[in-house]
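Each reported figure results from applying straightforward, stated rules to the coordinates on display, with no laboratory input. These numbers were taken from a predicted model, which means no experiment stands behind them. Here the Cβ positions follow ideal geometry from the backbone for every residue, glycine too, while neighbour counts run over all protein chains shown.
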Amino acid sequence: MSEINREAVAHLAQLARIEMTAEELDKMAGELDVIVDSIKTVSEVAGDDVPATSHPIPLTNVFREDVPGQTLTNEQALSGAPDAEDGRFKVPAILDEE
Amino acid sequence: MNELITHSAAELAAKLAAKEVSAVEVVQAHLDRIAEVDGEVNAFLHVNTEEALAVATEVDTARAAGGAEAGRLHGLAGVPIAIKDLIVTIGQPTTAGSAMLRGWMSPYDATVIQKIRAAKMPMLGKTNLDEFAMGSSTEHSAYGPTRNPWDLDRIPGGSGGGSAAAVAAYEAPLALGTDTGGSIRQPAAVTGSVGVKPTYGGVSRYGAIAMASSLDQIGPVSRTVLDSALLHEVIGGHDPADSTSLTDPVGALAEAARTGNVAGMRIGVVRELQGEGYDAGVQQRFDESLELLRGAGAEIVEVSCPNFKYALGAYYLIMPSEASSNLAKFDGVRYGLRVLPEDAPLTIERVMGASRAAGFGDEVKRRIILGTYALSAGYYDAYYGSAQKVRTLVQRDFDAAFAQADVLISPTAPTTAFKLGEKLDDPLAMYLNDVATIPANLAGVPGISVPGGLAGGLPVGIQFLAPAREDARLYRAGAALEKLLEDKWGGPLLAQAPVLGGVK
Amino acid sequence: MTAVTDEILSFEEAMEKYDPVLGFEVHVELNTRTKMFSAAPNVFGDEPNTNVTPVCLGLPGVLPVVNKAAVEYSIKIGLALGCRIAPSCTFARKQYFYPDTPKNFQTSQYEDPIAFDGSIDIELEDGTVFTVEIERAHMEEDAGKLTHLGGATGRIQGADFSLVDYNRAGVPLVEIVTKPIVGAGSRAPELAKAYVAAIREIVKNLGVSDARMERGNVRCDANVSLMPKGSTTFGTRSETKNVNSLRSVERAVRFEIQRHAAVLESGAAVTQETRHWHEDTRTTTAGRPKSDADDYRYFPEPDLVPVVTSEEWIEELRAQLPEPPAERRKRLKDAWGYSDAEFRDVVNAGVMDSIEETIAAGATPAVARKWWMGEVSRRAKEAEVDPAELGVTPETIVELDSLISAGKINDKLARKVLEYVLAGEGTPSEVVDKHGMAVVSDDGALLEAIDAALAAQPEVAEKIRGGKLQAAGAIVGGVMKATRGQADAGRVRELIFERLGVQG
Ligand SMILES: [Mg+2]
Ligand SMILES: [Zn+2]
């Protein structure tokens, strides 16, 4: 129990870019703990000899030829933008990151 | 209530072809029905009146012109359809049931929408769903819950409750749904309608807003098995825009539905998908269906899929993991809700955090956080990696079962429709609704839910599962059971549903 | 943000005490016609947000499809780097939120890159060869372009807002990662430059990238760490991002070596962090420290299927590879018989290809070098273009040379002929005919001019008669003037001596 505490959820919320209040973090921690507890058995079922399946129907080498197709107009591209300027999407300041 | 709306899509198509009725009349009858009952049902988030009538007019004009132009019309031309609001459409808002996309207009059409347009099927509008298809009750919609036409205090299933309710309430003869863990089949079961999850890759996912890419599949929703087959033939087939799309031909699905014969068919009862956890009433209807099928010449065998008991757990790791990634794009930069935090500093990081906090509902946040957890450093192998291995085991169970049986059978959902709000605060109880539908998504195999009768006055669904690429078997078995039951009932199950919108 | 200036140790002192360990991640933009996962054109410099499809913007519902040409280019890069090509490889999602990344994840490769375990020999200017081991080369997609506006500077720090152009988003990239490079000692900065130059040359030679560093086609992240002399344990490394010219690569590595040495000398520990290179101050400043916030939550891309490479496919691509640049240089140098210095000058002048073509067209190596390093280079410098871009064809040079050999024109005339050829007046022979530029080979005409010149300068004629043969130059000059340079000076000199009865 309590593997997922408030600090852990706060870190996950930061990774997932969702702002959460202290109460939300506590509530989420409680709910996730129950859920994770109930699905934990999954990690004990399959041994090393069982391969992982990431696609239900296995396909390989699905390619596109290198031929240009239809593009959006600048107007279409920006049609849903919350804010735009000079044909580009406008976003608030990005403080010192990469 | 206009008599026209009670007809199946196949019947409407026949009447249109025979010019007994015009497409405009058909569309108008459904628009009238929506106006009449959707205030109660809330199946539609958007009604596409003008465009639907315009397409109907085109069909009528072409048909009136006769000759080659009329000959080019698709068999379902003029038969209206409702679209789950997870599928993007030009000209109508696409919201995914989320405040994040309130009023968002897509600049492109999903591949299935292009096919619907090519067939000249008038789109009646967009139907309600759990936000980003996350839920089993359509209560997690930012636009209010959809109600079950059988009992307006109950849930219509989810996430595709809007499409199922629209069809069950005669607001549309056909609808499109999406099924990630049962979101087409479980709503069909609890509303007394038909829903099909095709083989993974059988219908293009291009333009369906992704929840869990390796599980999602678009499929038909209808009142009859034949109608689903007809719609499946419209939307199915290879799409170069979807790398997971199969190149197989769609197959003669409608023909299989018309044949509807189970004589000599081996039907496998999945031991793990019945008994404990399944309502007595659900189990009773299921057992009766087995008897009918046996009587019609099917060979009923019992099969065991021992790893199905881990399917729910694996699903609730894979689905939120993929969803956490797929929903990262909703950040208030290119489209959708942008919320500025009230206090400084106004960094993009904080704007994204505030936008996602305001744009997503509780269930979506829960799954994103769960998925982020399952993928994070140090947990990946134990959670996501292990779940993908369980997926292999579930597939092996299916392989073994299909060595003994042509199709498998189970109840679609363990219970009938529960009351609105009943499970809203208990995510685990909500998740259990999908216990019988999830294995098919994990393995990519197709499944259908057909009405199996009533328990406590509420519909029960019977699910058939077939091997990958053998969707036709679902239609053959499903149509056979449908006929056996309707013969017994003296008509379709929905004829027993209470009248909506007062007596008119 | 005002960066604190870091202390540095002199390079010499740093080298006395420490051994540098280098590592490089070089991103190469491929010059395919379309992007990695969408059919949008891969074109530099167009109007913002016009070379975009719904896929490039990460609109809801979109799906990626792999560009086959990008895969083939990546395999070619792998082969040219001596790598093994993965029999099967997958794509993975690298998850982080940033507004230039439309899906908030980069589709890349993680556990199984398409190429791995290679090595290339890097030759420094003095001929020393270092072998650099390649860890992997993987396929991924580029991000959009951010422009930071407002605030005090155009830099990211202090910007009020940023504008995003997604034209570059989704351009195919190959990321080439080296194994740690040990043993370069004080040659480390030089090796860094030579390594990036070699990668640039290889991808350019393959034709898979425009390889223009000033456009960001080749971008280098340089990792530097130090070990005390005699130690074999790697120190903590810094990663200097986006060093985008050869000169900067050399300088940045040198600076980081000096900075690390100063940190270690002060008794402190080097921080593992990202550094930014500033060309203006020729220093690096700290970016984000590496923290557990860098949890990229990689998982297999569910929307894409594995790439499987057959032996036949790989061999087909291998057969298309051009000769490696280093091998080719060695072969040509040997064949042409140039000295080390001559050959290096030819390479540095960028005329190696032109000389090769000119020799292939029939010129001797000496003649080809004379023209390309002489007159053509001079004109190119005047015109401020590369010699190869001046428009001089190998055929022109061969023809000029044969006109000279045949005595039809002299060197001076030949330069004039070239000018007319470049002005578009035709081939050298055509120009000679058109302008009557052939040397005067008729002795009669020459004698006439000589007699006139001798008569005009009797005192010079006397001197020659008296044995001062070198005085003949003045008479030759007069003759050349009279014939507008079209005389063969050697023949004129002979005739003068004959006329005056002296032994030449
Ligand atoms: Mg890197
Ligand atoms: Zn990279």
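In peptide A:26-37, what is the residue-averaged number of other protein chain Cβ atoms found within 10 Å of each Cβ?
On the way: counts 0, 2, 5, 1, 0, 8, 5, 0, 3, 11, 8, 1.
Averaged over the peptide's residues, the number is 4.
Name the lysines eligible as straight-distance cross-link partners of B:Lys419: C-alpha to C-alpha under 20 Å, and not fewer than 8 places from it in the same chain. By straight Cα distance, B:Lys419 reaches no lysines at all.
Only one residue of B:Val301, B:Leu273, B:Val250 has its Cα farthest out toward the positive end of the dipole of chain B, where Lys and Arg carry +1 and Asp and Glu -1 on Cβ, and that residue is B:Val250.
When peptides A:32-40, B:449-457 are ranked by their average number of other Cβ atoms within 10 Å per residue, the highest-first order is B:449-457, A:32-40.
Taking amide H atoms as placed 1.01 Å from N in the peptide plane, the amide H of B:Val301 lies under 5 Å from those of B:Ile267, B:Gly268, B:Val269, each 5 or more residues away in sequence or on another chain. Backbone N atoms of region B:155-187 closer than 18 Å to the 7 Å Cα→Cβ label point of B:Glu11 belong to residues B:166-175.
Mind scanning C:Lys412/C:Lys468; C:Lys370/C:Lys481; B:Lys389/C:Lys204; B:Lys197/B:Lys365; B:Lys389/C:Lys76; C:Lys333/C:Lys481 and naming the pairs with a C-alpha gap bigger than 32 Å? Show your work: numbers first, answer last.
On the way: C:Lys412/C:Lys468 26 Å; C:Lys370/C:Lys481 27 Å; B:Lys389/C:Lys204 43 Å; B:Lys197/B:Lys365 26 Å; B:Lys389/C:Lys76 34 Å; C:Lys333/C:Lys481 42 Å.
Distance filter (> 32 Å) returns B:Lys389/C:Lys204; B:Lys389/C:Lys76; C:Lys333/C:Lys481.
By the beta-carbon count within 10 Å of each Cβ, the least crowded to most crowded order of B:Thr415, C:Thr483, fewest first, is C:Thr483, B:Thr415. Among B:Gln284, B:Phe398, B:Thr178, which residue has its Cα positioned farthest towards the positive end of the charge dipole of the protein assembly as shown, with +1 placed on the Cβ of Lys and Arg, -1 on the Cβ of Asp and Glu, and the dipole taken about the Cα centre? Projecting each Cα onto the dipole axis, the largest value belongs to B:Thr178.
Tally the DSSP beta bridges in chain C and give the antiparallel ones as a percent, rounded to 5.
90 percent
Distances between placed amide hydrogens fall under 5 Å for A:Arg88 paired with no residue 5 or more residues away or on another chain.
Taking the number of other C-beta atoms within 10 Å as the exposure measure, put B:Leu86, B:Leu31, C:Leu321 in order starting with the fewest. Could the numbers behind the result be given before it?
Values: B:Leu86 36, B:Leu31 21, C:Leu321 12.
Listed from fewest to most nearby Cβ atoms, that is C:Leu321, B:Leu31, B:Leu86.
The order of the peptides B:470-479, C:93-102, B:184-193 by mean Cβ neighbours within 10 Å, most packed first, is B:184-193, B:470-479, C:93-102.
Phi-derived couplings, Karplus 6.51 cos²θ - 1.76 cosθ + 1.60 at θ = phi - 60°, listed residue by residue for region C:140-149: 7, 10, 7, 9, x, 10, 9, 10, 9, 10 Hz, with x used for Gly and Pro.
Sort chain A into rounded, prolate or oblate with this rule: let a ≥ b ≥ c be the square roots of the eigenvalues of the Cα gyration tensor; rounded if a/c is under 1.5, and if a/c is not under 1.5, prolate when a/b is larger than b/c, oblate otherwise. Don't skip to the end; give the middle numbers.
Numbers: a/c = 3.32, a/b = 1.27, b/c = 2.62.
Judged from the Cα gyration tensor, chain A comes out oblate (a/c at least 1.5, b/c at or above a/b).
A simple spin-label model places pseudo-atoms 7 Å from Cα toward Cβ; at C:Ala286 and C:Ala489 they are separated by 6.9 nm. Mean per-residue shielding of peptide B:313-323 is 4, counting Cβ atoms of other chains within 10 Å of each Cβ.
Shape verdict for region B:146-270, please, from the Cα gyration tensor: rounded (a/c under 1.5), prolate (a/b greater than b/c) or oblate. Taking the square roots of the gyration eigenvalues as a ≥ b ≥ c, region B:146-270 is oblate.
A cut-off of 5 Å between modelled amide H atoms, ignoring neighbours fewer than 5 places along the same chain, links C:Lys179 with C:Glu133, C:Ile134, C:Glu135. Sequence-ordered 3J(HN,Hα) estimates for region B:245-250 from the Karplus curve with 6.51, -1.76 and 1.60 and θ = phi - 60° stand at 6, 7, 8, 4, x, 4 Hz, glycine and proline given as x. Other residues lying with their Cβ under 15 Å from the Cβ of C:Ile122 contribute a combined charge of -3, Lys and Arg counting +1, Asp and Glu -1. When both bridge partners sit in chain B, DSSP labels roughly 65% of those beta bridges antiparallel. Scalar couplings 3J(HN,Hα) for region C:229-237, obtained by applying the Karplus form with A = 6.51, B = -1.76, C = 1.60 to θ = phi - 60°, are 3, x, 7, 10, 8, 5, x, 6, 9 Hz; x denotes Gly and Pro.
Is region C:1-155 rounded, prolate or oblate when judged by the Cα gyration tensor, a ≥ b ≥ c being the square roots of its eigenvalues, rounded requiring a/c under 1.5 and prolate requiring a/b larger than b/c? It comes out oblate by the Cα gyration axes.
Taking the DSSP beta bridges with both ends in the protein assembly as shown, the antiparallel portion is around 80 percent.
Going highest first, how would you order C:11-17, B:255-261 by mean Cβ packing within 10 Å?
Ranked by mean Cβ neighbours within 10 Å, highest first: B:255-261, C:11-17.
Model label points for C:Ala269 and A:Glu65, set 7 angstrom from Cα along the Cα-to-Cβ axis, are 5.8 nm apart.
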